[in-house]
Amino acid sequence: MSKDTEAIERTKSISEPYKYGFVTDIEVDLAPKGLSEDVVKLISEKKSEPKWMLDWRLKAYKKWLEMTPPEWQKASFKPIDYQDAYYYAAPKSGDKPKSLDEVDPQLLEVYEKLGIPLKEQEVLAGVEGAPKVAVDAVFDSVSVATTYRAKLEEIGVIFCSISEAIQNYPELVRKYLGSVVPYTDNYYATLNSAVFTDGSFVYIPKGVSCPMELSTYFRINQENTGQFERTLIIADEDAKVSYLEGCTAPMRDEHQLHAAVVELITLDDAEIKYSTVQNWYPGDEEGVGGIYNFVTKRGACRGNNSKISWTQVETGSAITWKYPSCILQGDNSVGEFYSVAITNNAQQADTGTKMIHIGKNTSSRIISKGISAGRADQTYRGLVRMQRGANGARNYTQCDSLLIGDNCGAHTIPYIESQNPSAQVEHEATTSKISDDQMFYCRQRGLTEEESVSLIVNGFCREVLQTLPMEFAVEAQKLVGISLEGSVG
Amino acid sequence: MALLEIRNLHAKVNKKPILNGVDLTIDVGEVHAIMGPNGSGKSTLSYILSGREGYEITEGEIIYNGLDILDMAADERARQGIFLAFQYPVEIPGVAGLTFLKTAANAIRVHRGIDELDAMDFLKFVRSKASSLDISDSMLKRAVNEGFSGGEKKRMEILQMAVLEPYLAILDETDSGLDIDALKVVSDGVNNLRNDKRSILLITHYQRLLDYIIPDKVHVLANGRIVQSGDKNLALELEEYGYSKFSEVVE
């Protein structure tokens, strides 16, 4: 299949209501239902982890038992019964595959259905200019395949599952795991620290610019499982990397918890660009089912002149609750947060960022575009903190909300704390609606109602969408349109 | 052959009668002008023809190209070849003019069974139309109508007409807000688009537009009805005597 027709097929297939809603009948290895110290030990044992890792998990588990779930968010939901879920589900296919040839073909089929280019050889053999993306695929609890690994190893880039990193690069993992999001951080991050099952690990050595996009696709398949992945990305001095994650899940009537932790670390002059296209199952129109996406994402700009940039396109999940943040420790370090959040029907989202300015002349930029339709409710919540030593620090924040229809809500809650008189903080916020004039103008030019909404909303989000890597920007644009289907009229 | 037949059209907005029995026939390839005082129903007529919601049609019919279009949505009418150049073109932030044009052109091309144009071919096609309207590439890259001057907006409307190639183009007060130079550019643009397959309906207050775009027929709309029709000389008479006598006719 040529690149063009492939692109067309993918574009076509994405324009269905929720095409990722299928369930794959695969034999799985499940831990007993419920959460206990034994389950934590079992997970660690299944992964043949060293003792330090198990000890860390157990400390987190004990801490978690003392904690209570936070309740300050705007989203509302029934308490989660943590004893009614599985904490480990792995496809049964014997030992961890050594290469793609050994991966269960049924699993490869699943990823093919999802449109993920796991078969690296196809990409390698592809035409000039074909997107080069190395992929780590996480199915329920385990990473099933990491592509392009050999090619990346040649230049010293480590891209593997976190489980493998614990085995093969324990010194790096011990040094950095929990250094940005400690195991005591918050209820969901602490739970994740105790029971995380897999995720991706990336290390970019000094002076290396990773020559391709790195990408992880997360898939929840098994019923009643939580997914607790853990991602750790380290960019050593003067290193650069762009990383993208995508997520899907089958349609199910129960809510499923996704409580991930992502930690990013940049040393001097390093740069990480982290993009998310989140399309977990959002539940049906009445709000039955869907994923609870309670995620802790945080990056530390440890080095001078380093940069961390978050871009997120959040269209899925019943509830999204997350604040990808930057701790700007190094002097002249830069934090960015670009967000598009779309909530339709009964979806809820409470999302934003935290920019903590510690070093001198640090700067941050926050661009948030929220679109609410149906009966959905959405909150932007963002903290900008200028600490005492942050001389000359600057922040610019722009929050725009777009409402579609009369039954949805949008809220903007900025927190600004400044302890340094030389720091500058700017905040702009707007709320608007798609006007009848805009709709009529588009339709008079031949666009259907849904094409018109999609065009107007894509224009509204443009500033954020254009920060996505090229290959994903097109898909994200389509996704924006699909997420709002049926929102007008 | 008639492209458009409006028969005894009555319409209300918010229960208030605006059109009170409009009859109008436009043949293929003809240019008609509708003139009339403020509040006579000119803009209402253009919105009803192009399918804007919010108007209650209480009587009459509109036959376009042999089709009864009253139940057709605005986008369906557009794809059938009805184009409205807006009196107040609307801003769409973040959507580049070129993207907007391409999306619209391809929607219409698909409907007509013509292949969609790819980005390169489309750019060539648009440039060939844009240069005579004094529209640069940088203007095409800007967001639709955002921060445009009155003249730029009107030129962009005519560019859209040139690209979408309608069979019936309704120009709603396209001359309003234009200085004399801009009026000339826009009029030349419209004249270039005149041909024996395309009908044009000009809606205007003033005779001056008709010095540049010479109509085949001129109608006077007053109190929601066409009260007089004639050739281009009717516009000159109106310029001299004003609309007052028509108000009396109806009262």
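General observations
- Residue match in the range B:36-57 (condition: part of a strand (DSSP E or B), open to solvent by less than 30 Å² (accessible area, probe 1.4 Å) and touching a strand residue (DSSP E or B) at 6+ places or on another chain (Cβ under 6 Å)): no
- Which numbered condition B:Ile114 fails, given (1) among the aliphatic types (A, V, I, L, M); (2) touching a strand residue (DSSP E or B) at 6+ places or on another chain (Cβ under 7 Å); (3) surrounded by fewer than 21 Cβ atoms within 10 Å (Cβ to Cβ): (2)
- Residues of the range A:357-379 that turn out to be open to solvent by 20 Å² or more (accessible area, probe 1.4 Å) and in a strand (DSSP E or B), as a count: 3
- Of the residues examined, B:Val13 is not one that is more than 25 Å from A:Ser454 (Cα to Cα), among the β-branched types (Val, Ile, Thr) and away from every other protein chain (no Cβ under 14 Å).
- Just one of the listed residues (A:Lys63, A:Lys74, A:Lys59) is among the basic types (Lys, Arg), closer than 21 Å to A:Ile166 by Cα and surrounded by 12 or more Cβ atoms within 10 Å (Cβ to Cβ), namely A:Lys59.
- Selection of the range B:83-104 for residues being open to solvent by less than 10 Å² (accessible area, probe 1.4 Å) and more than 8 Å from chain A (Cβ to nearest Cβ) yields B:Ala85, B:Gly97, B:Leu101.
- Residues in the range A:316-341 that are part of a loop (DSSP other than H, G, I, E, B) and under 23 Å from A:Asn192 (Cα atoms) were compared, and the one that is most open to solvent (accessible area, probe 1.4 Å) is A:Tyr323.
- Residues in the range B:167-183 that are open to solvent by less than 20 Å² (accessible area, probe 1.4 Å), in a loop (DSSP other than H, G, I, E, B) and either in contact with a Pro (Cβ under 6 Å, 6 or more places away or on another chain) or more than 22 Å from B:Gly29 (Cα to Cα) (or both): B:Leu178 alone.
- Test result for A:Thr467, within 30 Å of A:Gly392 (Cα to Cα) and either assigned to a loop (DSSP other than H, G, I, E, B) or facing chain B (nearest Cβ under 7 Å) (or both): yes
- Filtered residues of the range A:284-301 (kept if open to solvent by less than 10 Å² (accessible area, probe 1.4 Å) and in a loop (DSSP other than H, G, I, E, B)): A:Gly289
- Residue match in the range B:66-75 (condition: open to solvent by 50 Å² or more (accessible area, probe 1.4 Å), facing chain A (nearest Cβ under 8 Å), without any contact (Cβ under 8 Å) to a residue 40 or more places away in the chain and under 19 Å from the mean Cα position of the chain (by Cα)): no
- Some residue of the range B:121-142 being aliphatic (A, V, I, L, M), farther than 30 Å from A:Thr430 by Cα, in contact with a Ser or Thr (Cβ under 8 Å, 6 or more places away or on another chain) and assigned to a helix (DSSP H, G or I): yes
- Residues (surrounded by 14 or more Cβ atoms within 10 Å (Cβ to Cβ) and of a type in the set (D, E, K, R)) located in the range A:396-429: A:Asp400
- With respect to (1) surrounded by fewer than 21 Cβ atoms within 10 Å (Cβ to Cβ); (2) closer than 23 Å to A:Ala89 by Cα; (3) modelled with pLDDT of 65 or more; (4) among the aliphatic types (A, V, I, L, M), the lone exception for A:Ala189 is condition (1).
- When residues in the range B:76-100 are screened for being of a type outside the set (Gly, Ala, Ser), assigned to a helix (DSSP H, G or I) and more than 17 Å from the chain's Cα centre (by Cα), 3 of them pass.
- Scoring B:Ser176 on the criteria (1) within 12 Å of another protein chain (Cβ to nearest Cβ); (2) touching a residue at least 12 places away in the same chain (Cβ under 8 Å) leaves a single failure, condition (1).
- Residue in the range A:444-462 that is among the hydroxyl-bearing types (Ser, Thr, Tyr), part of a helix (DSSP H, G or I) and over 21 Å from the mean Cα position of the chain (by Cα) present: yes
- Residue check, B:Asn8 open to solvent by 30 Å² or more (accessible area, probe 1.4 Å) and not in a strand (DSSP E or B): no
- The one condition in (1) at pLDDT 90 or above; (2) buried (at least 24 other Cβ atoms within 10 Å of the Cβ); (3) of a type in the set (S, T, N, Q) that A:Asn304 fails to fulfil: (2)
- Residue within the range A:408-429 that is part of a strand (DSSP E or B), in contact (Cβ under 8 Å) with a residue 12 or more places away in the chain and within 10 Å of chain B (Cβ to nearest Cβ) present: no
- Among the residues of the range B:37-64, those that are at pLDDT below 95, away from chain A (no Cβ under 14 Å) and at positive phi comprise B:Gly39, B:Gly41.
- Selection of the range B:184-209 for residues being surrounded by fewer than 23 Cβ atoms within 10 Å (Cβ to Cβ), under 12 Å from B:Leu168 (Cα atoms) and not charged (D, E, K, R) yields B:Leu193, B:Asn195.
- Pick from the range A:430-451, criterion facing chain B (nearest Cβ under 8 Å) and of a type in the set (S, T, N, Q), ranking: surrounded by the fewest Cβ atoms within 10 Å (Cβ to Cβ): A:Ser435
- Taken over the range B:105-120, the criterion of being within 11 Å of another protein chain (Cβ to nearest Cβ) and either in a loop (DSSP other than H, G, I, E, B) or over 16 Å from A:Arg445 (Cα atoms) (or both) is satisfied by B:Asp118 alone.
- Residue within the range A:51-69 that is within 23 Å of the chain's Cα centre (by Cα), modelled with pLDDT of 70 or more and among the aliphatic types (A, V, I, L, M) present: yes
- Evaluating B:Ile108 against the criteria (1) out of contact with any strand residue (DSSP E or B) (no Cβ under 9 Å at 6 or more places or on another chain); (2) free of Cβ contacts under 8 Å to residues at least 24 places away in the same chain leaves one unmet condition, (2).
- Selection status of B:Ile82, among the β-branched types (Val, Ile, Thr) and more than 23 Å from B:Pro17 (Cβ to Cβ): yes
The values are calculated or read from the model by the stated rules, or taken from the named source; none is laboratory data. Computed from a prediction, not measured in an experiment: that's the story for all the values here. Counting neighbours? That spans all protein chains shown, and the Cβs are built from the backbone with ideal geometry, glycine included. Surface areas here come from the heavy atoms of the whole protein model, side chains and all, with no ligands, DNA or RNA. Shrake-Rupley method; radii C 1.70, N 1.55, O 1.52, S 1.80 Å.
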